Every structure is written in C-alpha cells, then in structure tokens.
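Worksheet: one structure, shown below.
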Amino acid sequence: MLLLEEVAATQRQQAFYRNFIQNVSHELKTPLTVIQGHAAKMGDAPDDRESWLASRRIIADEAKRLTQLVDNLLTLARLESPSFALERAPLSFAALLEEAVLQVSDLAEARHLALSLNLAPGLQRLNGDRARLKQMVLNLLDNALKYTPPGGSITVSAQAERSGGGCRLECRVQDTGEGIPPDDLPYIFDKLYRARRAHGRPVEGSGLGLTIAQEIIRAHGGEIRAESEPGRGSTFTLSLPCTP
Ligand code: ADP
C-alpha cells in the first residue's frame, strides 16, 4: 500500500516537473523568437526609421519580459531553499509603487490601457526586502496588463490601516480586464496553475507569477487575496505589516 502511494507521488512529481520545464521553455522561447525576428528586420531595413523604432521598442519589451521570468525563477529557487532569508531594510512602499508603475507605463500606453496610482497621503514605511517586494508588485501589474483588453484601466492604490498598536499597509491592484472564472479563483496562487480562458487571444505565462507574489508577501508576514468578476475585472489586495 505504502509502495503504491510512493509510486503515485513520484509520478505526480515527474508530471509536475515535465509541466514546469514545458511552461518555462515556452516562456523563454517566445520572447527570444520575437527578439531574433525583430533584430533581423532591423538589419534588413536600417533606413526605415519608423519600423526600426518599433522593432527596437518590441525588443526592449521582450527583453524586460525575459528578465522578469529569470528573476521569478531565481526567486522561486531562493524562496524554496532552507537557507532563504529576506534582505530587510526600512523602505517607502509609496516610492516603490511609484517606481513599479513608472516601469510599466510605456507598456500600458502601448496597449491602450489607462494606468493610475492613488496613494493615501503620509503612507508609513515598512521593513522589507525592496527587490522582492518590487518584483511582487511587478508580477501583479504584469498580469493586469496581460489580462486587460485595450481600452481598459488599471488602478494601483495604497493606504494604511491602524488598529491597536499595529499598522498594516493595504495595497490594491485593480483592473477592468477579463476576470477569473469562479472555479479557477481558489487555485490561481498554486504553482504553475493557469486559468482556462473561454475566448480571446492566447496569453503567454508560466503560471509562476502569483505563487511567487504570495510567497514574498507571506515571507513579510502579509497576506494577498483575489476577487474577480468574469468580464468585469479583478482586484488583488495585499496587506503588509508597516512601521507605526
Ligand atoms: P501566468 O504566468 O499564467 O500569468 P500567474 O501565476 O501570474 O501566471 O497567474 C495565474 C493565473 O491567474 C493566470 O494564468 C490567469 O489565469 C489568472 N490571473 C492572474 N491575474 C489575473 C488578472 N489580473 N486577470 C485575469 N486573470 C488573472
């Protein structure tokens, strides 16, 4: 009996590993193919300035995407290592949000999405790992950009809640995109999980972004939850302990 259970567990692990390699290879290959194609195009028509600039922009966007995927893979490996420790220091979460929003603003514009940031005045600082927290916010923004059709909007907001002697920073990333089917919602933070999409163009993804976001927030003593209405949009709300 025990042996059968062990065989089943090994098979599950192998299937998971295959799926992981497939997803990640695909995610690495797609931007590389686009970059190669546009680099060749730039070489073929160096005097066509408009097409040259468009290709340069596409190459820069795809390179960003590759960097984010590699960062996610490295973070996942680190988070799962027993010696993992956050590199904490006092930081301004408001400044971090401003930076992350600025970083994706070109992409939002190119996709005809309105991107806005609403920060409550005087947001408290928190003690956290800046690089990891920024990566978490970028993963949420990346999803909002991917799953919101042109003409939609993405709003990032943050405020602090004080209760007793404590303080929590609450941040929302809200979009007016395609939303997440209720059957999928409980699983979207699972590693490699990708919700089935009823219609629309295929959207690239590794199924790792939310797993990593959740692990980063949990490592900081915080929580993340998702609410969504198919066809109307999704809201990701995270709460983190801050310095009162
Ligand atoms: P992926 O690389 O597939 O985007 P994630 O772990 O970041 O992986 O997200 C898991 C799944 O959750 C996605 O495949 C998608 O189905 C769903 N999802 C996440 N964010 C959004 C969003 N803002 N709008 C709609 N669906 C989303």
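Cut-off is 10 Å between beta-carbons; in what order do 170, 80 appear when sorted fewest neighbours first?
So the residues, fewest neighbours to most, are 80, 170.
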Peptides 138-150, 6-18, 46-58 ordered by average Cβ neighbours within 10 Å, highest first | 138-150, 46-58, 6-18
When the chain is fully extended, how far beyond the present Cα-Cα distance does residue 57 get from residue 125, taking 0.36 nm per residue of separation?
-> 21.0 nm
Site residue 30, offset 7 angstrom along Cα→Cβ, radius 20 Å on amide nitrogen, limited to segment 203-223, gives 203-213
Residue 85 to residue 187: extension gain in nm, 0.36 nm per residue of separation minus the Cα-Cα distance?
-> 34.1 nm
Residue 103 to residue 118: extension gain in nm, 0.36 nm per residue of separation minus the Cα-Cα distance?
-> 3.8 nm
Using only alpha carbon pairs under 8 Å that are at least six residues apart, calculate the relative contact order of the chain and give it in whole percent.
-> 18
Value at 222 nm in deg cm²/dmol, rounded to 500, when DSSP H runs of n ≥ 4 in the chain each add -39,500 (n - 2.57) = -17500 deg cm²/dmol
Footprinting proxy, 232, 196: sorted fewest to most Cβ within 10 Å, the residues are 196, 232
Global geometry of the chain, whether rounded, prolate or oblate, following the gyration tensor of its Cα atoms and the 1.5 cut on a/c | oblate
Cα centroid distance between segment 222-244 and segment 1-71, in Å?
-> 28
Anything in the chain that counts as a DSSP H helix reaching 30 Å or more along its axis (C-alpha) with Kyte-Doolittle mean of at least -1.0? List them, would you?
-> 2-44, 49-79
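Read-outs throughout are calculated quantities, based only on the coordinates presented, and are distinct from any laboratory measurement. Please read these numbers as outputs of a predicted model, since none were measured by experiment. In this analysis, Cβ positions are derived from the backbone assuming ideal geometry, glycine residues included, and neighbour counts consider all displayed protein chains.
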